[in-house]
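Comments concern the structure below.
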Ligand code: GN1
Ligand code: MG
């Protein structure tokens, strides 16, 4: 983040001024896609207020009006329903309009949007334990349940085929064939791993075509760090990052939740011996997810839960590997080989999931 970026963020913040005096703007280094900043305002007798500003990545999201339409539509629907998890009310992310009343600002430094900063919360890149995993899964499941009635056709597919494993596989094959950066030879092992599992990349589409897997509005990025937990009580308070709320297959959300939350390492860990899946966390995620979505899922979906985790983890791994092959043009990287490190962790997790499934089925077959 350069001083010029900060100066641009300050100007952008002014476009969403809640009144009062802008005290300062700081970068918030989160996410692989947008540039995020937090501004702080002195509202005199009304105290302080913080806002979260994002310069949206318009190379990734080429349809900014569509993206913002989806967010308005989804937040409206969530607010329309009382959004409860157990006996708790979950907060809905709140968009802040520009001074002129628009949902986002088109400035010469890019397209900017703003949300109310959700105070006294904390997010986690690593899960604290089964209770937190259960809580996060129940919150994401609740989010999806609240959107159950929202007609998926009313939302724009801002990135076409975003959740399609077979589309991701085709993109991977193209990047591999083009090999723009001459990196393919060095990742032959990872490429082989993916090719050996290409059959997995078609399971979901086949299920959708056969009418066995429904298409509904999903969150689409159910990483643990997209849940804000209350700093004092530790419970889930708000779900953030609504960028990928669009038509998808509901179990994508469960799979992505497992991919990130049941991981035994960071998403970009370089020591691969640490990468794997924590089965206790997996169990807690399944239980939390079923608590809030159980009554919506059909028999095929229920059966597919463990495989969905594998497929999503493989798909995200393929996306990281594709970006590595294509020259790191999509995900932000912070070091050489960053996307490759991320890909390797995902592939390691897929291997661990495969082994644990084998173990579980072997255990089921073992004589008592
Ligand atoms: C990206 O920027 P972030 O971290 O919210 C990506 C997700 C991936 C995720 C992997 C629009 O999300 O699809 O699963 O990275 N978002 C987009 O960590 O591509
Ligand atoms: Mg995201």
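Taken over the Cα atoms of the stretch 247-364, the convex hull encloses 117 Å³ per residue.
What FRET efficiency comes out for residue 149 versus residue 332 if R0 is 45 angstrom and r is the Cβ-Cβ distance? Round to the nearest 0.05. Numbers along the way, then the final one.
Working: r = 35 Å, r/R0 = 0.79.
Efficiency for this residue pair is about 0.80.
For the chain, the longest principal axis of the Cα atoms and the long axis of helix 251-261 meet at an angle of about 80 degrees. Using the Cα coordinates of the stretch 167-233, the gyration tensor eigenvalues translate into equivalent-ellipsoid semi-axes of 31, 23, 11 Å, sorted from longest to shortest. Helical runs assigned H by DSSP (4 residues or longer) give the chain a calculated mean residue ellipticity at 222 nm of -14500 deg cm²/dmol, each run adding -39500 (n - 2.57) before division by the residue total. What is the stretch 3-117 by shape, rounded, prolate or oblate, if you read a ≥ b ≥ c off the alpha carbon gyration tensor as root eigenvalues and call it rounded for a/c under 1.5, prolate for a/b larger than b/c, and oblate otherwise? Oblate is the answer for the stretch 3-117, as a/c is 1.5 or above yet b/c matches or exceeds a/b. Calculated FRET efficiency, residue 209 and residue 21, Cβ-Cβ r, R0 41 Å, to nearest 0.05? Efficiency for this residue pair is about 0.10.
How high is the relative contact order of the stretch 1-141? Use alpha-carbon pairs under 8 Å, at least six apart in sequence, and give a whole percent.
In percent, rounded to a whole number, it is 21.
Principal-axis analysis of the Cα atoms of the chain puts helix 299-326 at an angle of about 70° to the longest axis.
If one computes P(r) from the Cα atoms of the stretch 77-179, what percent of pairs lie at distances over 17 Å? Pairs farther apart than 17 Å: 74 percent.
Rounded to 0.05, the FRET efficiency of the residue 300 and residue 231 pair, given R0 = 45 Å and the Cβ-Cβ distance, is 0.65. Taking other C-beta atoms within 10 angstrom as a stand-in for reagent exposure, 69, 53, 32 fall in the order 69, 32, 53, fewest first.
Computed over Cα pairs, the Kirkwood radius of the stretch 173-292 leads via Stokes-Einstein (0.692 mPa s, 37 °C) to a diffusion coefficient of 191 µm² per second.
Pair-distance distribution of the chain: all C-alpha pairs, bin width 20 Å, starting at 0; shares per bin in whole percent are 28, 59, 13, 0. Per-residue extension of 0.36 nm, minus the Cα-Cα distance of residue 270 and residue 180, leaves a gain of 30.0 nm for this segment. Annotation for residue 107 and residue 157: the two label points, set 7 Å from Cα along the Cα-Cβ direction, are 3.4 nm apart.
With axes computed from alpha carbons, what is the tilt in degrees of helix 165-178 against the longest principal axis of the chain, rounded to the nearest 10 within 0 to 90? On a 0 to 90 degree scale, this one is about 90. Spin-label model, residue 28 to residue 131: label points 7 Å out along the Cα-to-beta-carbon direction sit 2.6 nm apart. Mean separation of Cα pairs under 8 Å and 6 or more residues apart, divided by the residue count, gives the chain a relative contact order of 18 percent.
The orientation-averaged shadow of the Cα convex hull for the stretch 206-271, equal to a quarter of the hull surface, comes to 6.3 nm². Measuring nothing but how far apart in sequence close Cα pairs (under 8 Å, 6+ apart) lie, relative to its length, the stretch 86-184 scores a relative contact order of 13 percent.
All of the numbers you see were taken from the coordinates with simple rules; none came from a lab. This one's a predicted model, so the numbers in the text were calculated from it and none came from an experiment. Cβ: placed from backbone, ideal geometry, glycine included. Neighbour counts: every protein chain shown.
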